[in-house]
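K.L.:
Can you keep this structure in mind? I'll have questions shortly.
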Amino acid sequence: MDPINEAHVSEPGLVVVDVAAADDATALAFQQLLADRWATAPAQHTTRDVGEPGVRLRCYLDLRQPLDS
């Protein structure tokens, strides 16, 4: 994964979430659980690191803006 950009955590309530999962479906399902609760900038796809098991995904959350239920 790339280094975290300082702008993504410049204020309290901003979160960068790095996910490692066995497969695409698991990583994307976890991201959806986060998106159902908070304002999220979702990843469109996962990445694979050569020689490493599973997949990775990075998404950005804004905990200051909960979604209406």
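Read the figures in this text as sums done on the coordinates, not as results from a lab. Keep in mind it's a predicted model, so treat the numbers as computed, not measured. Quick reminder, even Gly has a Cβ in these numbers, built from the backbone with ideal geometry, and neighbours come from all protein chains shown.
K.L.:
Residues in the range 28-50 near a label at Gln65, defined as backbone nitrogen under 18 Å from the 7 Å Cα→Cβ point?
P.N.:
Only 32-44 pass the distance filter.
K.L.:
For Glu11 and Leu33 in the same chain, what is the full-extension length gain: residue separation times 0.36 nm, less their Cα-Cα distance, in nm? Before the final figure, lay out the partial values.
P.N.:
Values: separation 22, 0.36 × 22 = 7.92 nm, distance 2.29 nm.
5.6 nm is the gain from fully extending Glu11 to Leu33.
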